[in-house]
Structures are given as structure tokens and as C-alpha cells.
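Peer 1: Handing you this structure, nothing more for now.
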Amino acid sequence: MSKSKTILEKEQDYVSSAVAEAHAAYLSNNPISAKAHGDAADYMPRGNTRTVLYAQPFPLSIKSGSGNKLTSADGHIYVDFLGEYSAGLFGHSNPRIEEALSKTMKCGWNFGGETLHEKELARKVTTRFSKGGMDLVRFTNSGTEANMMAIGAAVAWTARKKILVFSNG
């Protein structure tokens, strides 16, 4: 006599079947992204520069974005709920930002020297946050550089020589 499946086993079978079906549909609907990822893997570990972007069996390749929509290399349109992890707060291809960038690009950018725009931005930031105690601001090129400056400032301010570091949460 054969043993009949439990409700849990039936649910597991259903979920496994649905996942397999979704996986097959993803593969068949995104051949350009699959090829782009395969090509990229020749030059970057796992085919991308940030492991957070990797997804099995391959991440989508995005061709363009407008507002809150992204268009994949395969022509599918998606709502962007991620917003570049908050850096994309204004959406993609925002006309006001495009205009400001275009205006700036005509004058040049990243001169390796101080600019009037930098001074104006510093004034606006310190004015806005002066009540919270921000008298001065230092702009950096990366998060690493910002952390190095923050640690250096903390050591200089406190005159302490030891730094406590946390790992794994």
C-alpha cells in the first residue's frame, strides 16, 4: 500500500514546482541579460562589481531608467522599488538633475582644485545643520575616505589612541 502525501509534503511539492516554473520563465524571458552576465564574468568576479547585485541564476542587465521605472536589456519594464539603496531618491533621469548636470558639464568638473560650487554647497549644508552643531563640512571621494577622516578627527579630538572595532554585527 502506498503512503499518501501529507499536506506539508503537498505544499512543498507545490512550492518547488512553482519555483521551477518561475526559474524556467526567468531564463527564457531574459536571454540578453544572461549573455551580458556571462560576458561580464570574463572580466569581473561573478560578472558584477558588487555582490549585493548578484542573483541566481544571473542578475538582470538594466539598459535604462526613467522616473521610478527600469528597462532591462531584454526590454522588460520594472518598477524600481530599490532606488539604488537610497542614492536614487529622485528617480532615474530626473529632468532637474539632468539640467544641472548638463550645465555643470559645459563648465567642466572634477578639476582637482577648489570650486565656487563646492563653497556654495558647504555654505548651504552648514547653514542647514548649524543648529545641530555642524560648523564645518569636509567633502570626500568615498565612504572609505570619509571613515578615515572621521577616525582621524575622533583621535585628534579625544587624544585617545585606541579604536574599538566591531565585526559581524
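Values quoted throughout were computed directly from the atomic coordinates according to the rules given, and no laboratory measurement underlies them. This one's a predicted model, so the numbers in the text were calculated from it and none came from an experiment. Quick reminder, even Gly has a Cβ in these numbers, built from the backbone with ideal geometry, and neighbours come from all protein chains shown.
Peer 1: Just want to confirm a number: the relative contact order over the chain, from Cα pairs under 8 angstrom separated by 6+ residues, in percent. Write down the numbers at each step before the final one.
Peer 2: Values: 92 pairs, mean separation 16.7, N = 169.
Rounded, it is 10 percent for the chain.
Peer 1: Moving on. Rounded to the nearest 0.05, what FRET efficiency is calculated for ASN94 and LEU121 with R0 set to 22 Å and r the Cβ-Cβ distance?
Peer 2: Details: r = 18 Å, r/R0 = 0.82.
For R0 = 22 Å, the calculated efficiency reads 0.75.
Peer 1: Over what distance in Å are the Cα centres of the stretch 1-69 and the stretch 72-116 separated?
Peer 2: 28
Peer 1: A further question on this structure: With a 10 Å Cβ neighbour count serving as the proxy for reagent exposure, in which order, fewest first, do ILE7, ILE32 appear? It would help to have the intermediate numbers written out before the result.
Peer 2: Details: ILE7 7, ILE32 14.
Starting with the residue having the fewest Cβ neighbours, the order is ILE7, ILE32.
Peer 1: As a footprinting exposure proxy, order LEU53, LEU164 by other Cβ within 10 Å, with the fewest listed first. Mind showing how you got there, number by number?
Peer 2: Numbers: LEU53 12, LEU164 5.
If I rank by nearby Cβ atoms, fewest first, I get LEU164, LEU53.
Peer 1: Sort THR115, THR51 so that the residue with the fewest other Cβ atoms within 10 Å of its own Cβ comes first and the one with the most comes last. Please report the intermediate quantities before stating the final value.
Peer 2: Numbers: THR115 14, THR51 8.
Result, fewest neighbours first: THR51, THR115.
Peer 1: Using +1 on the beta carbon of Lys and Arg, -1 on that of Asp and Glu, and nothing else charged, what's the dipole of the chain about the Cα centre, debye to 20? Numbers along the way, then the final one.
Peer 2: Numbers: 20 positive and 16 negative charges, 149 e Å.
Using only the charged Cβ atoms, the result is roughly 720 debye.
Peer 1: (i) 21.8; (ii) 23.9; (iii) 17.5: which one is Kirkwood radius over Cα pairs in Å as calculated from this entry?
Peer 2: Among (i) 21.8; (ii) 23.9; (iii) 17.5, the one calculated here is (i).
Peer 1: Work from the charge dipole of the chain (Cβ charges, +1 for Lys and Arg, -1 for Asp and Glu, about the Cα centre) and give the residue of ALA150, LEU60, ASN29 farthest towards its positive end.
Peer 2: ALA150
Peer 1: If you don't mind, another one. Just to confirm the number: angle between the C-alpha axis of helix 143-158 and the first principal axis of the chain, 0 to 90 degrees, nearest 10?
Peer 2: 50
Peer 1: Using θ = phi - 60° and the Karplus curve 6.51 cos²θ - 1.76 cosθ + 1.60, what whole-Hz ³J(HN,Hα) does each residue of the stretch 8-19 get, with Gly and Pro shown as x?
Peer 2: 4, 5, 5, 5, 5, 4, 4, 5, 4, 5, 5, 5
Peer 1: Convert each backbone phi in the stretch 92-102 into a coupling constant with the Karplus relation 6.51 cos²θ - 1.76 cosθ + 1.60 (shift: θ = phi - 60°), then list the ³J(HN,Hα) values in order as whole Hz, x for Gly and Pro.
Peer 2: Karplus-based 3J(HN,Hα) across the stretch 92-102 equals 9, 6, 5, x, 5, 6, 4, 5, 5, 5, 4 Hz.
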